[in-house]
Amino acid sequence: MLEAWGAAVLNQIIEVSIDLSGNYKSLVHKLLPNATVVADRFHVIKIVNQELDKARQSICKANEQTVNEVQKAQIAAALKQSKYALLKPEENLTQKQKAKLEEIREVVPSLARMHQEKESFRAIFEQAKDWKDGTFQLLDWLAQAQDSFQESVRTICRWFGEVTAYFDNHTNSGVVEGINNKLKLIKRILPIQNQMLLSMICSLF
């Protein structure tokens, strides 16, 4: 599809926002010689969220082996239905989720610390003034989070140039992701006989 656009169009594209896929990056370098590859901020933040949730699940599993029944019950109660209290942006939490987060802070401080680091990471992409500011904030975060977010730190270091490229123009694929999610939702609810029509609509994007 990209090749069909022709070199005259492709050579004018200056930025491409992608998820953290080496295949996509190679394709951009091959077909769009003048484009800067930008790691989509939502996919970058997703990596940190996934590692936080993985830690939550590990603590839940480890807690099942806890001998102290009182401590076991406290941790189990704190972690029950805690996923979205930890993963949602803190300013968007419901009152119930805020109460759950406070409970986690009291009972599972290691997880609360990871949550705070996650929020600090997200704030970089919200508040960085320019490339220099964002890059230095990100370097500070990588140094602080290298013990608790080891997988995320390794991935971000591998994609450091593409991640920090976001701070130049704040280019992201949010609009495309939104369209894609809506099309998937329509596909789930449409009768089978209308699937061909949807496929035709999708081809327009």
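The values are calculated or read from the model by the stated rules, or taken from the named source; none is laboratory data. The model shown is predicted, which means the values in this text are computed figures rather than measured ones. As a convention, Cβ positions derive from the backbone with ideal geometry for all residues, glycine included, and neighbour counts pool all protein chains shown. Heavy atoms of the whole protein, side chains included, go into the accessibility calculation; ligands, DNA and RNA do not. Shrake-Rupley method; radii C 1.70, N 1.55, O 1.52, S 1.80 Å.
Details
- When 78, 85, 62 are checked against the criterion of being among the hydrophobic types (A, V, I, L, M, F, W, C) and surrounded by fewer than 19 Cβ atoms within 10 Å (Cβ to Cβ), a single residue qualifies: 62.
- The stretch 169-185 residues that are within 30 Å of residue 129 (Cβ to Cβ), paired with ones that are open to solvent by 60 Å² or more (accessible area, probe 1.4 Å) (beta carbon under 7 Å, 6 or more apart): 172/42; 174/42; 177/42; 179/205
- Scan of the stretch 27-43 for residues that are outside any helix (DSSP H, G or I) and over 15 Å from residue 159 (Cα atoms), ordered by number: 32, 33, 34, 35
- When the stretch 8-49 is filtered for residues that are open to solvent by 70 Å² or more (accessible area, probe 1.4 Å) and in contact (Cβ under 8 Å) with a residue 60 or more places away in the chain, only 42 remains.
- Counting the residues of the stretch 88-120 that are open to solvent by less than 10 Å² (accessible area, probe 1.4 Å) and either within 19 Å of the chain's Cα centre (by Cα) or basic (Lys, Arg) (or both) gives 3.
- Out of 59, 13, sole residue that is more than 28 Å from residue 170 (Cα to Cα) and not in a strand (DSSP E or B): 59
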